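Working notes, beginning with the structure itself.
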Amino acid sequence: VGSMFQFLRKIFNTVNTGPTPEESLVGFFPDMDAAVEWARGVLDETGTDPKAQFVRAVKDVREANPRLSLLAANHLVKQLI
């Protein structure tokens, strides 16, 4: 039983080894401030209020840069609230 637990723990601990939201933004922007400014500009253009329309704001950001992951776009919009 102990080895099965260790095996499962090992699997679940290695599942989330992808980049953090900040790390996944690095390829697109020089730094987090630049990413936040870009997202703010996108939402200014679309007229979406990130506080009132969070899901729509994430969608707008991803439509503006489809290569952004959902996690990265979500993180970016949270910085604007």
Item to check | Base-10 log of normalised Debye intensity for segment 23-75 (one unit scatterer per alpha-carbon) at q = 0.19, 0.26 Å⁻¹ | outcome: -0.56, -1.04
Next on the checklist: Taking the full set of protein chains and a 1.4 angstrom probe, give the accessible area of ASP31 in square angstrom, rounded to the nearest 10.
Outcome noted: 80
Item to check | Local net charge near GLY47, Cβ-Cβ under 13 Å (Lys/Arg +1, Asp/Glu -1) | outcome: -2
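The values are calculated or read from the model by the stated rules, or taken from the named source; none is laboratory data. Since this is a predicted model, take the numbers as computed values, not measurements. Using ideal geometry, Cβ is built from the backbone for each residue, glycine included, and neighbour counts are taken over all protein chains shown. In case anyone asks, the SASA skips ligands and DNA or RNA and just uses the protein heavy atoms, side chains included. Shrake-Rupley method; radii C 1.70, N 1.55, O 1.52, S 1.80 Å.
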